[in-house]
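S.K.: Pasting a structure here, questions to come.
The values are calculated or read from the model by the stated rules, or taken from the named source; none is laboratory data. From a predicted model like this one, the values you see are computed outputs, not experimental measurements. Cβ atoms come from the backbone with ideal geometry, glycine included; neighbour counts cover every protein chain shown. For accessibility, only protein heavy atoms count, side chains too; no ligands or nucleic acids. Shrake-Rupley method; radii C 1.70, N 1.55, O 1.52, S 1.80 Å.
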Amino acid sequence: MNLDELYQEVILDHSKNPRNKTELENFTHEAKGHNPLCGDQISIQIIMKGEEISDVKFTGAGCAISTASASILTEAIKGKSKNEIEKIFENFHNLVTGNKTEEDLGKLTIFEGVQKYPVRIKCATLSWHALMAAINGEKETSTE
Amino acid sequence: MPLSDIKSDFPTLNQKINDNDLIYLDNAATTQKPISVINAVSDYYKKTNSNIHRGVHTLSQEATEKYENARKKIAKFINSNEKEIIFVRGATEAINLVANSYVRPLLKPKDQIIITEMEHHANIVPWQIVCNEKEAELKILPINKKGELVINELEKLINEKTKFMAINHVSNSLGTVNNIRKIVEIAHKHNVRILIDGAQAVQHIPVDVKKIDADFYCFSGHKIYAPTGIGVLYGKKNLLEEMPPYQGGGDMIKSVTFEKTIYNDVPNKFEAGTPNISGAIGLGTAIDYILEIGIENIAKHEAELLNYASEKIRKIDGVDIIGNAKDKASVLSFTIENIHPHDIGTIMDSQGVAIRAGNHCTQPIMDFYSIPATARASFAIYNDKTDVDKLISSVRKTIEVFR
């Protein structure tokens, strides 16, 4: 097992200096994601104009993987439509669970190493579950 | 038996994890099993398997004798009488049994139960359930920053509404050894009965339920080198006799008609259905193993290890020990600045070091220290200074990864 595959430079960088980790003014939707297994909590706030997510921020506390994943998520989805995001999440989920991905995920592919650490998959997907809940108008979601 | 030879008694310890020798330091979660326990369980199924207490045939008699013999060993181990030893699935079931059969019938609205801020969820939730049902209140004895109970507060908390107390002997996430004798004394002065959760105690320190004067005392087999699914509830005989059964079924009755059932005597009254026979036998064998080494020797060995590990880990920049009670057993909980315990757990595992990361089923303790979780190393008889050295180098490596 090669640790570097999991804790890649970019992941460590985003966990230490998370991007867009702040409250979002004038958000239209927000949802809290909770991982009861470890207590990690990530809240996502978005501004949704029609079908497009024009801005996204996150707050919360978690491990390096969940923090980096939330940080990179905010960069990956800004300006994308609901449909596009659903597709990215599906692909991302396939990536971290070791299934075939259909499209190139760009920067998100650095989470490929997670598939070798099954107990950490939920760390990587927590913020995504929160995002999908927010988009769908739900207030809370859990990885369980 | 010299303690240095002990590792070879535990087959699971002899393996590589991620190309490194396994260093098993998650003993507060569960201990590994010595070969004598594994053989006792396997021999039972190979040679003796039969149902107990009801067969006239030879195997049934042999199985009954082995099962009851285990009960005698346990009774002796904690200085009690075999009639006061009830086999259960584990400490959790023992607490639920007492909550349902002893506490529930005597609880009225506005009555109070006292537990402490350092309890495992298993010693919180069963009390919440009966309190909710009976509109009673749960009162919490606080801890201080060192992770010790503020015993002085108990006199203020206890009153005529207090109907029961439940408290752990040793904290699973802080390692604190509580002054149980003092607490029982205070409870009894106010005529309050008390349950001691000994799940983290019996494997580390000598326990004498008579000396403690506990009304109920419980522990799990799997944390004391025995199989999972077996545990013990000790109760004072007069209390057990006045309690209604916990579950109904076979073996807990003397006679059954549709009009009236006469319950069996204790302890059988509380053992409905076919019990975990092999588990009980395994637990008896685990106690033989412990007695062979000597519980005092174990306590001394583990105390030395804990001191050695605490001193070493304290010297590492950014590491904080959570739980600094004066009297501690086996448990070393810690945090590393800016590194989440789950990342610590994963990185240490990549070096073969198995620790626990999380809230250890003690969320109120995490809230008290305002931390999401801790990393926890916990020691057992087979651990040695080499294991501690590996733990320390692994902590350093974790810090390096995040530098």
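S.K.: Checking the a/c ratio against 1.5 first, then a/b against b/c, what shape does the Cα gyration tensor give for chain B? Walk me through the intermediate numbers first.
M.R.: Working: a/c = 2.13, a/b = 1.25, b/c = 1.71.
It comes out oblate by the Cα gyration axes.
S.K.: Related question: Using only DSSP helix segments of four residues or longer, with each worth -39500 (n - 2.57), what per-residue ellipticity at 222 nm results for the protein assembly as shown after dividing by its residue count and rounding to 500? Don't skip to the answer; put the middle values down first.
M.R.: Numbers: 18 runs with 199 residues, N = 547.
Computed mean residue ellipticity for the protein assembly as shown: -11000 deg cm²/dmol.
S.K.: Using +1 at the Cβ of each Lys and Arg and -1 at the Cβ of each Asp and Glu in chain B, identify which of B:VAL177, B:ILE205, B:LEU141 lies farthest towards the dipole's positive end.
M.R.: So the residue we want is B:LEU141.
S.K.: Given R₀ = 60 Å, what would the calculated FRET efficiency be for B:ASP5 paired with B:LEU59, taking r from the Cβ atoms and rounding to 0.05?
M.R.: Working: r = 35 Å, r/R0 = 0.59.
It comes to 0.95.
S.K.: Same structure again: Among B:VAL266, B:MET165, B:ILE224, whose Cα projects farthest towards the positive end of the dipole of the protein assembly as shown, with charges put on the beta-carbon of Lys, Arg (+1) and Asp, Glu (-1)?
M.R.: Checking the options against the dipole of the protein assembly as shown, the answer is B:VAL266.
S.K.: Also: Extension gain B:GLU155-B:GLU296, at 0.36 nm per residue separation less the Cα-Cα distance, in nm? Can you show the working numbers first?
M.R.: Details: separation 141, 0.36 × 141 = 50.76 nm, distance 3.26 nm.
Gain in length upon complete extension: 47.5 nm.
S.K.: Evaluate 2.2 N^0.38 Å with N set to the residue count of the range B:305-403, then give the Cα radius of gyration divided by it. Mind showing how you got there, number by number?
M.R.: Numbers: Rg = 12.6 Å, N = 99, 2.2 N^0.38 = 12.6 Å.
After normalising by residue count via 2.2 N^0.38 Å, the value is 1.00.
S.K.: By DSSP, what percent of the beta bridges with both residues in the protein assembly as shown are antiparallel, rounded to the nearest 5?
M.R.: On the way: 46 of 69 bridges.
In the protein assembly as shown, DSSP labels about 65 percent of beta bridges as antiparallel.
S.K.: While we're on this one: Could you work out the relative contact order of chain B? I mean the mean sequence separation of Cα pairs under 8 Å and 6+ apart, divided by the number of residues, in percent. Working shown, then result.
M.R.: Details: 794 pairs, mean separation 92.7, N = 403.
Value for chain B: 23 percent.
S.K.: How far apart, in nm, are the 7 Å Cα→Cβ label points at B:LYS46 and B:LYS385?
M.R.: Here the modelled spin labels are 3.9 nm apart.
S.K.: Using the Cα centre as the reference, give the magnitude of the dipole from point charges on the C-beta atoms of the protein assembly as shown (Lys, Arg: +1; Asp, Glu: -1; all else neutral), rounded to the nearest 20 debye.
M.R.: Details: 64 positive and 72 negative charges, 262 e Å.
Computed about the Cα centre, the dipole is about 1260 debye.
S.K.: Ratio of Rg to Rh for the protein assembly as shown, alpha carbon only, Kirkwood? Write down the numbers at each step before the final one.
M.R.: Working: Rg = 26.2 Å, Rh = 25.7 Å.
When Rh is taken as the Kirkwood radius, the ratio is 1.02.
S.K.: Now for a separate question. Around A:LEU95, under 11 Å between beta carbons, what's the net of Lys plus Arg minus Asp minus Glu among the other residues?
M.R.: -4
S.K.: Just report the Cα centroid separation between the range B:328-367 and the range A:90-144, whole Å.
M.R.: One Cα centre to the other: 25 Å.
S.K.: Return the Rg/Rh ratio of the range A:3-138 with Cα-based radii and a Kirkwood Rh. Walk me through the numbers on the way to the answer.
M.R.: Values: Rg = 13.7 Å, Rh = 14.6 Å.
For the range A:3-138, the value is 0.94.
S.K.: Report the label-to-label distance for A:ASN99 and B:GLU311 in nanometres (one decimal), using points 7 Å from each Cα along the Cα→Cβ vector.
M.R.: Here the modelled spin labels are 5.4 nm apart.
S.K.: Given points 7 Å out from each Cα along the Cα-Cβ axis, report the B:ASN191 to B:THR261 separation in nanometres with one decimal.
M.R.: 3.3 nm
S.K.: Moving to a separate point now. Work out the charge dipole of chain B with +1 on the Cβ of Lys and Arg and -1 on the Cβ of Asp and Glu about the Cα centre, then indicate which of B:ILE316, B:VAL56, B:SER394 is farthest towards its positive end.
M.R.: Highest projection toward the positive end goes to B:VAL56.
S.K.: Keeping all protein chains in position, work out how much accessible area B:GLU68 exposes to a 1.4 Å probe, and write it in Å² to the nearest 10.
M.R.: For B:GLU68, solvent-accessible area is about 40 Å².
S.K.: Would you mind telling me the share, in percent, of accessible area of chain A contributed by carbon and sulfur at probe 1.4 angstrom?
M.R.: Values: 2950 of 6690 Å².
Its accessible area is 44 percent carbon and sulfur atoms.
S.K.: For the range B:155-194, state which GluC sites (Glu not before Pro) are in a DSSP loop and have at most 12 other beta carbons lying within 10 Å of their beta carbon. Present the calculation step by step, with values, prior to reporting the outcome.
M.R.: Details: sites: B:GLU155, B:GLU160, B:GLU185; in loops: B:GLU160.
Answer by residue number: B:GLU160.
S.K.: Could you size up the charge dipole of the range A:1-136 around its Cα centre, putting +1 on the beta carbon of Lys and Arg and -1 on that of Asp and Glu, and report it in debye to the nearest 20? Kindly include the intermediate steps, with their values, before the conclusion.
M.R.: Values: 15 positive and 19 negative charges, 60 e Å.
Roughly 280 debye, rounded to the nearest 20.
S.K.: Whole-Hz ³J(HN,Hα) for each residue in the range B:203-214, computed from phi via Karplus 6.51 cos²θ - 1.76 cosθ + 1.60 with θ = phi - 60°, x for glycine and proline: what do you get?
M.R.: Karplus-based 3J(HN,Hα) across the range B:203-214 equals 7, 10, 9, x, 10, 10, 5, 5, 5, 5, 6, 5 Hz.
S.K.: Please get the size of the charge dipole for the range B:59-167, origin at its Cα centre, with Cβ charges of +1 on Lys and Arg and -1 on Asp and Glu, quoted in debye to the nearest 20.
M.R.: Values: 17 positive and 16 negative charges, 17 e Å.
Charge dipole, the range B:59-167, about its Cα centre: 80 debye, nearest 20.
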